[in-house]
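Step one of this worksheet: look at the structure below.
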Ligand SMILES: Nc1ncnc2c1ncn2[C@@H]1O[C@H](COP(=O)(O)OP(=O)(O)OP(=O)(O)O)[C@@H](O)[C@H]1O
Ligand SMILES: [Mg+2]
């Protein structure tokens, strides 16, 4: 059975896209069949996988709003051995259109039902807000993976996210669970990072991934080559961290 994981945090710039692309690539290296869905109008996940978001015939907008079958929207990227559904600026319209659409929170779940079992994991890169797109991702998902930077205000953001998770569990998607919280851009020499990290573990225990993603320039460079970091610099610290994350996640599943 395919598992759908929404990579989400309403806070911007915390490493959602970097995590979606690189976890997808590292799971593919572990011989898992992977689909990455870019649900952000910024289209960064698609670009980071070498898919030109402007040139695609169909994007996740068409999947959500135009009833284009999922199979027609999937682009298999041979060099990185996983599939992508691109996101682009069209999704900005979907944020509004969804408010008045039929089955408005269920549209992504409906659209993915026909292909769910063609993959081992479907990762969804969410936009930095709790809008209708994110809600569709959370309703379609089996679990949430939450990247966060260990900063002063981060815990507040996480508690807002946890109440959204609870609301969704109590209403449309009782099976939704927390896959884990991932500490990104981690610097253990920083006192504040350490404090926030300790609080996080006190609250969430083993829901916090043991793997931390360090700050690593290769992770920031790789997208400009349209590549996950493992295909760009296979021995970088960023690569090793995302390989460790993929293995940790597979051990838990
Ligand atoms: N571990 C890291 N080390 C160094 N740079 C990183 C790391 N993780 C992410 N970055 C860089 O930080 C910026 C934000 O990361 P990313 O785009 O993954 O965040 P995001 O949560 O998807 O952002 P948004 O909310 O805008 O979608 C990017 O420029 C990315 O290259
Ligand atoms: Mg992003």
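How high is the relative contact order of the chain, in percent, with contacts defined as C-alpha pairs under 8 Å that are six or more residues apart?
Details: 504 pairs, mean separation 66.4, N = 253.
It comes to 26 percent, rounded to a whole number.
Annotation: the antiparallel percentage among DSSP beta bridges lying fully within the chain is about 10.
Per residue of the chain, what 222 nm ellipticity follows from adding -39500 (n - 2.57) for every DSSP H run with n ≥ 4, rounded to the nearest 500? List each step's numbers first, then the result.
Details: 12 runs with 108 residues, N = 253.
-12000 deg cm²/dmol, from helical runs alone.
Computed over the stretch 1-90, relative contact order equals 32 percent, with contacts defined as Cα pairs under 8 Å that lie 6+ residues apart. Spatially, the stretch 13-50 and the stretch 176-253 are offset by 14 Å when compared through their Cα centroids. If a spin label sat at a point 7 angstrom from the Cα of residue 171 along the line to its beta carbon, the backbone N atoms of the stretch 85-100 nearer than 18 Å would be those of 95-100. Considering only 192, 178, 161, the Gaussian network model of the chain with Cα springs below 10 Å gives its largest mean-square fluctuation to 192.
Please work out how much length the chain gains when fully extended from residue 220 to residue 190, using 0.36 nm per residue of separation minus the C-alpha to C-alpha distance, in nm with one decimal. If you can, show how the numbers build up before the last one.
Numbers: separation 30, 0.36 × 30 = 10.80 nm, distance 2.05 nm.
Result: 8.7 nm gained on full extension.
Taking every alpha-carbon pair under 8 Å whose residues sit at least 6 apart, the stretch 126-247 reaches a relative contact order of 21 percent. Between residue 113 and residue 93, the modelled labels are 2.6 nm apart [label points 7 Å from Cα along Cα→Cβ].
Looking at the square roots a ≥ b ≥ c of the eigenvalues of the Cα gyration tensor of the stretch 1-59, which shape do they give, rounded for a/c under 1.5, prolate if a/b is larger than b/c, or oblate? Numbers along the way, then the final one.
Details: a/c = 1.67, a/b = 1.16, b/c = 1.44.
Oblate shape, in that a/c is at least 1.5 and b/c is the bigger or equal ratio.
Residue separation of residue 252 and residue 207 scaled by 0.36 nm, minus their Cα-Cα distance, works out to 15.2 nm of gained length.
Residues considered: 105, 66, 179. Largest GNM mean-square fluctuation over the chain, using C-alpha springs under 10 Å, is found at 66.
Output the direction-averaged projected area (hull surface divided by four) of the convex hull of the alpha-carbon atoms of the chain, in nm².
Details: hull surface 49.3 nm².
Projected area, direction-averaged: 12.3 nm².
Values in this text are rule-based calculations from the coordinates and carry no lab data. What you see is a predicted model; the values in this text were computed from it and never measured. Reconstructed Cβ throughout: ideal geometry from the backbone, glycine too, with neighbour counts over all protein chains shown.
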